[in-house]
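Step one of this worksheet: look at the structure below.
Coordinate-derived values only; no laboratory data. These numbers come from a predicted model, not from an experiment. Glycine gets a Cβ as well: all are built from the backbone with ideal geometry, and neighbour counts include every protein chain shown.
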């Protein structure tokens, strides 16, 4: 079993003061999009870390920085004590094999003209499996990720499979190199609601039995709460971390007004409770442009509790409880 005491876990990937700025437009008129600003976080060995926030807040960019696919404008990406972008070529290739990504669109992630057997056998050969053992290895892999019976699916193409089955094949392929961690970017958003739980359970199985750490990126608070219930959560708004900590603590005692609004906006299955919900605690439903991020606290144009200091000075992350960090001047003075 995996040790769930994250405080004692070894740091796997660490981001230090990461900023990512993209240049947009032509030669005459250029705009700069600040996708991430001064982001620092740590993904521990065998941990499940959920990253939540609205669309366009920088979650996917963060995932690609962790994977080493985007070079940050400033800051450091540290893997097991070494800067990823200062590694030698051989070391960089080794880093590539220990991290994988799973996207939300499983159909786009699979070659439509390759069967399940072809999709999984090619990487198995690459990583040293002998051809005479290929069918057995592919069948064992399909059994492990819950595609049964395996013989039936060997010659199926992606269009023959359901969305859940395709995503399981993507996860099967991702674990062949024996990665240390997987970035899962909205992996269940395009899957039927009835099947999402089974994919989340598969991810937890990979975490517990294979020791794979997960950076789980989502805008769905319910799935984040389910998969990372023993881990931590990071809340991002316009490229900055506004709240982070142990998931149970953050969900039960949300301190930043942005995360309070996200929780208030989450649907409630009980109609009686839903009718009693308070009005969404926001001044505006509009997300500011990433090309023109507000000064001070970037959330202040939408915040009901903003004061003059919020418009001119950006709050820094501070620890208000054990491993519960918040960037807000009004923490402790807002109504619960």
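Would segment 155-231 count as rounded, prolate or oblate if I go by the C-alpha gyration tensor, calling it rounded below 1.5 in a/c and otherwise prolate when a/b exceeds b/c, oblate otherwise?
oblate
Mind ordering 172-178, 248-254 by average Cβ neighbours within 10 Å, highest first?
Peptide ranking by packing, descending: 172-178, 248-254.
So how do 189-197, 73-81 stack up, highest first, on mean other-Cβ count within 10 Å?
73-81, 189-197
Mind checking which of 47, 14, 308 has the largest fluctuation in a GNM of the chain, springs on alpha carbons under 10 Å?
With Cα springs under 10 Å in the chain, the top fluctuation among 47, 14, 308 is at 308.
Only counting other Cβ atoms within 10 Å, I'd like 121, 11 sorted with the fewest neighbours first.
11, 121
How would you rank 24, 204, going from fewest to most other Cβ atoms within 10 Å of each one's own Cβ?
Fewest-to-most Cβ neighbours within 10 Å comes out as 24, 204.
Can you give the calculated 222 nm mean residue ellipticity of the chain, where each DSSP H run of n ≥ 4 adds -39,500 (n - 2.57) and the sum is split over every residue, rounded to the nearest 500 deg cm²/dmol? List each step's numbers first, then the result.
Values: 13 runs with 112 residues, N = 336.
Estimated from H runs of four or more residues: -9000 deg cm²/dmol.
When a footprinting reagent is the concern and you count Cβ atoms within 10 Å, what order do 246, 156, 143 take, fewest first?
By the 10 Å Cβ count, ascending, the order reads 143, 156, 246.
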